[in-house]
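Scroll down for the structure; my scribbles are underneath it.
The values are calculated or read from the model by the stated rules, or taken from the named source; none is laboratory data. Nothing here was measured: the structure is a model prediction, and the numbers come from that model. Using ideal geometry, Cβ is built from the backbone for each residue, glycine included, and neighbour counts are taken over all protein chains shown.
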Amino acid sequence: MKNFKKPTEESKAVQYVLIGTSVLFLSLFLLLPLAIIFTTAFQKGLDTYWASISNSEALAAIKLTLIVVAIVVPLNTLFGIISAWLISKYSFKGKNLLLTLIDLPFAVSPVISGLIFVLLFGAQGLFGTYLLEHDVYIIFALPGIVLATLFVTVPFVARELIPLMQAQGQSEEEASHSLGASGLQTFIHITLPKIKWGLLYGVILCNARVIGEFGAVSVVSGHIRGLTNTMPLHIEVLYNEYQFTAAFAVASLMTILALFTIIIKNLIQWRTKETTL
Amino acid sequence: MQKTSVFKKQKPFRLPGFSFTLGFSIFYISLLILLPLSMLLLNVTQLSLSEFWQIISDPRAISSYKLTIGSALIAALINVIFGTLIAWVLVRYDFPGKSIMDGIVDLPFALPTAVAGITLSSIYAQNGWIGQFFDFKIAFTPIGIMIALTFIGLPFVVRTLQPVLESFKKEEEEASASLGATRFQTIYRVILPTCIPAILTGFTLAFARALGEYGSVVFIAGNMPFKTEITPLLIMTKLEQYDYIGATAIAFVMLVFSFVFLFSMNCIQWLLQRKKLQGGRA
């Protein structure tokens with residue numbers, strides 16, 4: 001058999017060993033955790049599961065997470081589109097610096113991302129006394145959570161759109177504009193249809209990170225139950241109180257969302273591949 | 001500065017919106033990224049050099065640096081080996097369940113870190129699904145930390161390497177084989193060199209992510225000072241004790257280390273690219 005293999009392929013035996021190792025590694029590292037999440041969540045039956053995700057604290061955490069999503073995702077999407085337009089359509093000095101700055105949050109530990117907002121708005125922070133005098137609460141309240149999450153997820157949409165819009169060039173936009181369309185019209189009718197899948201991809205990645213952000217939020221939230229606990233923080237509290245079933249029940253909700261994110265991502269990639277072929 | 005004057009003078013054509021998008025981007029970044037980050041610098045400069053040195057060279061801090069860098073490095077190297085293997089298998093071979101395996105690689109990106117943390121720690125705890133098969137403890141030791149960091153860094157190498165392998169020209173392999181190279185020689189001398197920049201990028205991203213990782217590690221680490229306390233956790237502990245100065249000083253060290261690392265990796269990439277270009281000319 002060995003003599004019949006193509007010279008640009010490995011022998012079947014080698015292929016099986018490589019495939020086997022990869023599948024084993026992925027199963028142990030990724031599939032097993034998925035299985036654990038759902039079996040632990042449902043180990044005490046459906047009623048306990050339902051109770052864990054429908055009690056007032058869990059609902060408050062879900063609500064807070066959704067509020068944060070509703071503020072952060074649109075803002076960072078808007079920034080992503082605007083900065084991608086800027087970087088892909090014009091040449092100007094300092095472009096590389098701007099790109100580096102957009103990427104910066106990727107290089108900063110989530111804990112530090114939270115810390116910097118405590119340094120700004122915390123009681124001992126730069127604006128601390130001013131805020132205290134005016135009864136404005138940022139740290140240990142919703143605005144702090146929103147700010148820290150905004151910081152962490154700044155690059156997601158921009159990072160998807162910039163290479164895409166750079167690759168697409170701008171001749172169609174120029175044609176549209178020279179025929180009298182305004183900048184906004186050009187964007188909506190010409191650019192948006194070309195980038196919609198990349199945009200959607202960036203938005204769902206951003207969304208997943210906003211929902212799951214833990215380190216940064218944990219620094220600024222103050223862990224006030226029912227008030228400033230997002231879903232990941234709620235999971236932490238439950239886990240540390242040895243309420244494993246409840247912790248995994250809430251975790252399973254977030255896992256379902258993560259799986260949806262992966263499915264949508266693959267659909268988008270599959271679609272863009274179809275259209276480019 | 002008006003649009004009409006630009007047209008009259010026939011300057012290079014520019015789509016509208018430059019000043020708006022530039023202004024908005026600079027405003028957004030300054031307010032959200034630069035201003036908060038500059039707080040680190042501002043707070044650190046309030047310390048005298050000896051105070052600063054005392055905080056950052058505290059034995060507890062030093063052992064946290066060692067643990068963080070060491071486990072991030074090992075995790076990133078594990079990801080280089082298995083990530084390269086997985087990318088190769090996913091691009092080159094067909095097997096049942098391949099699309100599921102391909103899709104699931106993104107799980108660590110999509111799954112909240114806290115969920116990963118509690119899951120991994122219950123798998124590798126002594127009574128856990130995997131932990132029970134080992135005589136030694138995995139969770140709550142540095143091995144547990146490495147497992148968590150390997151988990152969160154896994155997609156980086158796979159996802160940066162996959163497109164490179166997909167676009168690799170079959171002709172080059174055929175040429176190599178027809179000139180008498182064994183399969184191993186072809187892989188080692190023809191395919192691997194093309195992949196090195198992507199593998200390096202994957203390594204860089206995985207390592208940088210692992211350095212700062214917090215959510216997936218805290219649950220599995222055990223968090224014992226001097227033993228299983230990573231630097232982000234030390235920052236967190238100092239914050240909870242209202243030691244903002246201590247937290248800031250250590251955060252500053254971490255940030256500088258990440259930037260120096262990312263910068264040197266960029267330099268290495270640049271050198272590799274230049275070497276490749278020169279090799280092409282010779």
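State yes or no: is B:I104 of a type in the set (V, I, T), surrounded by fewer than 24 Cβ atoms within 10 Å (Cβ to Cβ), facing chain A (nearest Cβ under 7 Å) and at negative phi?
Spelling it out, B:I104 is indeed of a type in the set (V, I, T), surrounded by fewer than 24 Cβ atoms within 10 Å (Cβ to Cβ), facing chain A (nearest Cβ under 7 Å) and at negative phi.
Against the condition touching a residue at least 12 places away in the same chain (Cβ under 8 Å), under 26 Å from A:L200 (Cβ atoms) and within 11 Å of chain B (Cβ to nearest Cβ), how does A:L161 come out, does it pass?
Here the answer is no, as A:L161 does not meet what is asked.
Tell me which helices (runs of 4 or more DSSP H) are completely within the range A:122-229 and hold 2 or more residues being surrounded by fewer than 16 Cβ atoms within 10 Å (Cβ to Cβ) and either in contact with an Asp or Glu (Cβ under 9 Å, 6 or more places away or on another chain) or assigned by the TED database to the domain that holds A:I112 (or both), or say none if there are none.
The helices (runs of 4 or more DSSP H) meeting that bar are A:128-133, A:155-168, A:171-178, A:183-186, A:192-212.
If a residue must be closer than 11 Å to B:I29 by Cβ and within 7 Å of chain B (Cβ to nearest Cβ), how many such residues does the range A:87-101 contain?
2
Any residue in the range B:194-209 that is away from chain A (no Cβ under 14 Å) and under 10 Å from B:L161 (Cβ atoms) sitting within a Cβ distance under 9 Å of a residue that is among the hydrophobic types (A, V, I, L, M, F, W, C) and not in a helix (DSSP H, G or I)? List the pairs, counting only those 6 or more apart or interchain.
Pairs that qualify, where the first residue is away from chain A (no Cβ under 14 Å) and under 10 Å from B:L161 (Cβ atoms) and the partner is among the hydrophobic types (A, V, I, L, M, F, W, C) and not in a helix (DSSP H, G or I), are B:C195/B:F168.
If you go through the range B:127-160 one residue at a time, how many are facing chain A (nearest Cβ under 8 Å) and in a helix (DSSP H, G or I)?
Here the count works out to 3.
Among A:A51, A:A70, which is in the same structural domain as A:V157 (by the TED database), surrounded by fewer than 17 Cβ atoms within 10 Å (Cβ to Cβ) and more than 23 Å from A:T149 (Cβ to Cβ)?
A:A51
If I ask for residues that are at positive phi and within 14 Å of another protein chain (Cβ to nearest Cβ), which ones from the range A:222-237 would you list?
A:G222, A:H223, listed by residue number.
Of the conditions (1) within 17 Å of B:T150 (Cβ to Cβ); (2) at the interface with chain A (Cβ under 9 Å from one of its Cβ atoms), B:T228 satisfies every one except a single condition; which number is it?
(2)
With the requirement that a residue be hydrophobic (A, V, I, L, M, F, W, C) and assigned to a helix (DSSP H, G or I), what does the range B:112-126 give you?
Within the range B:112-126, B:A114, B:V115, B:A116, B:I118, B:L120, B:I123 qualify.
Take residues that are over 30 Å from the mean Cα position of the chain (by Cα) and tell me which of the helices (runs of 4 or more DSSP H) falling wholly in the range A:1-88 contain 3 or more.
Counting at least 3 such residues, we get A:12-26.
Within the bounds of the range A:250-258, is there any residue that is more than 7 Å from chain B (Cβ to nearest Cβ), touching a residue at least 12 places away in the same chain (Cβ under 8 Å) and either within 24 Å of A:F117 (Cβ to Cβ) or buried (at least 24 other Cβ atoms within 10 Å of the Cβ) (or both)?
yes
Here is a yes/no grid of residues against (1) in contact with a helix residue (DSSP H, G or I) (Cβ under 8 Å, 6 or more places away or on another chain); (2) at the interface with another protein chain (Cβ under 9 Å from one of its Cβ atoms); (3) part of a helix (DSSP H, G or I):
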{"residue": "B:A76", "(1), (2), (3)": "yes, no, yes"}
{"residue": "B:L85", "(1), (2), (3)": "yes, yes, yes"}
{"residue": "B:V89", "(1), (2), (3)": "yes, yes, yes"}
{"residue": "B:F95", "(1), (2), (3)": "yes, yes, no"}
{"residue": "B:P108", "(1), (2), (3)": "yes, yes, yes"}
